[in-house]
1. When you go through A:84, A:98 one by one, which is the residue that is part of a strand (DSSP E or B), out of contact with any helix residue (DSSP H, G or I) (no Cβ under 7 Å at 6 or more places or on another chain) and within 22 Å of residue A:58 (Cα to Cα)?
2. Here are the criteria: (1) buried (at least 17 other Cβ atoms within 10 Å of the Cβ); (2) at pLDDT 90 or above; (3) in a loop (DSSP other than H, G, I, E, B); (4) within 11 Å of chain B (Cβ to nearest Cβ). Tell me which single one residue A:196 does not satisfy.
3. Against the conditions (1) free of Cβ contacts under 8 Å to residues at least 24 places away in the same chain; (2) part of a strand (DSSP E or B); (3) farther than 19 Å from residue A:83 by Cα, where does residue A:142 fall short? Just the number, please.
4. Can you name the residue in the range B:117-153 that is part of a strand (DSSP E or B), touching a residue at least 40 places away in the same chain (Cβ under 8 Å) and in contact with a strand residue (DSSP E or B) (Cβ under 8 Å, 6 or more places away or on another chain) and is also nearest to residue B:57 (Cα to Cα) among such residues?
5. Specify the residue that is surrounded by the fewest Cβ atoms within 10 Å (Cβ to Cβ); the eligible residues are those in the range A:158-193 that are assigned to a strand (DSSP E or B) and at the interface with chain B (Cβ under 8 Å from one of its Cβ atoms).
6. Checking residue B:98 against (1) within 14 Å of another protein chain (Cβ to nearest Cβ); (2) surrounded by fewer than 16 Cβ atoms within 10 Å (Cβ to Cβ); (3) in contact with a strand residue (DSSP E or B) (Cβ under 7 Å, 6 or more places away or on another chain): exactly one of these is not met. Which one?
7. Examine the range B:131-151 for a residue that is away from every other protein chain (no Cβ under 14 Å) and on the phi > 0 side of the Ramachandran plot, and state whether such a residue exists.
8. Count, please, the residues in the range A:35-64 that happen to be over 24 Å from residue A:98 (Cα atoms) and either at the interface with chain B (Cβ under 9 Å from one of its Cβ atoms) or assigned to a loop (DSSP other than H, G, I, E, B) (or both).
């Protein structure tokens, strides 16, 4: 009796298994999974640029104009260079903005907040030499805003930088005018005159990426 | 911020302008950068001199020019006034630079001397401030700062004379006119008459910048 039952069961199991194999050959669905975290980061590099030749120099840790030199003809203090900050955004957000805020640029007595010109540009690679080849150093700038340091609190959106990246120029105001005698720097800026007390002026710039 | 992770350097990005971006702070969404400059302390007096013919502005085209000294040249006899007069007068432009500290600009002079004779009672100075005076960048200096004042006109060789007294400490272009007295009422000095012995008269004028 038992052996007949086992035989019958075995036949059933074998038959069932064959049926099962037949069903599995039609379609199998498996999920593939991964998770990407929101990623937001800034890369900032600063370089000094020779004010006369425009040649890029060493990399700096700060926007450091060094010791200004008095120009007796112009009656103003000037540095021998200006500074460039490149701001690279690493973000997988659909939208983001980069903001620029500043603390007072002061020696504790006076400040240079209206003596520094801040120029925001979109920089992108371009065939500037028009030779069909884009070298690493071939870029073009599109000016976005030019403001005094005092008034340089600004937010720049992802769309404004489409196809490029944010570059910010910092220079001491020269008071330069165009051929018609009109001021070419922001209206609220002026050169550093001897009215400013001597000393070490220090300020702080904060660049913030907001998703 | 706490949702961001600091990652190890994962790449080098070559962007334009020869800038190499080394990613060292992935996950940070805020970067602080210092801005620095040093304005050196200074105490300096600069000057330049212009000659101009009588009654003309120091920069009047065709009637003025740069000079390196105050040289009245050979005086001319004025028949109408009966005095000796030069064809030119001189303007010394002075700029003090004191890093914002209050100051005085003064002058002394040995006078115009020839042996035992001199023209010291005729050699006159007159300080002036012009709001329209400009640096070479073309920007007018504006009104005299509050608290600043000019010295009085007088004989150049009469002791130490104040040209400009600055309580503001601000650097400004100051003029001092040097001439030979015409004897005009209300002006200092005496004209050079026909009694004056002939000769070559010379001397120096010294300008001094002092902090108050």
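The values are calculated or read from the model by the stated rules, or taken from the named source; none is laboratory data. All figures in this text were calculated on a predicted structure; none of them were measured in a lab. Glycine also receives a Cβ, built like all others from the backbone with ideal geometry; neighbour counts cover every protein chain displayed.
1. A:84
2. With respect to (1) buried (at least 17 other Cβ atoms within 10 Å of the Cβ); (2) at pLDDT 90 or above; (3) in a loop (DSSP other than H, G, I, E, B); (4) within 11 Å of chain B (Cβ to nearest Cβ), residue A:196 is out only on (2).
3. (3)
4. B:128
5. Filtering the range A:158-193 for residues assigned to a strand (DSSP E or B) gives A:165-172, A:177, A:183, A:192.
From what is left, the residues that are at the interface with chain B (Cβ under 8 Å from one of its Cβ atoms) are A:165, A:167, A:170, A:172, A:177, A:192.
Working: A:165: 23, A:167: 24, A:170: 21, A:172: 23, A:177: 14, A:192: 25.
So the residue we want is A:177.
6. Of everything listed in (1) within 14 Å of another protein chain (Cβ to nearest Cβ); (2) surrounded by fewer than 16 Cβ atoms within 10 Å (Cβ to Cβ); (3) in contact with a strand residue (DSSP E or B) (Cβ under 7 Å, 6 or more places away or on another chain), residue B:98 misses just condition (2).
7. No, there is no match, as no residue in the range B:131-151 is away from every other protein chain (no Cβ under 14 Å) and on the phi > 0 side of the Ramachandran plot.
8. At the first step, the residues of the range A:35-64 found to be over 24 Å from residue A:98 (Cα atoms) are A:35, A:50-58.
With either at the interface with chain B (Cβ under 9 Å from one of its Cβ atoms) or assigned to a loop (DSSP other than H, G, I, E, B) (or both) added as a condition, the list becomes A:35, A:51-56.
Going through the range A:35-64 one residue at a time, the tally reaches 7.
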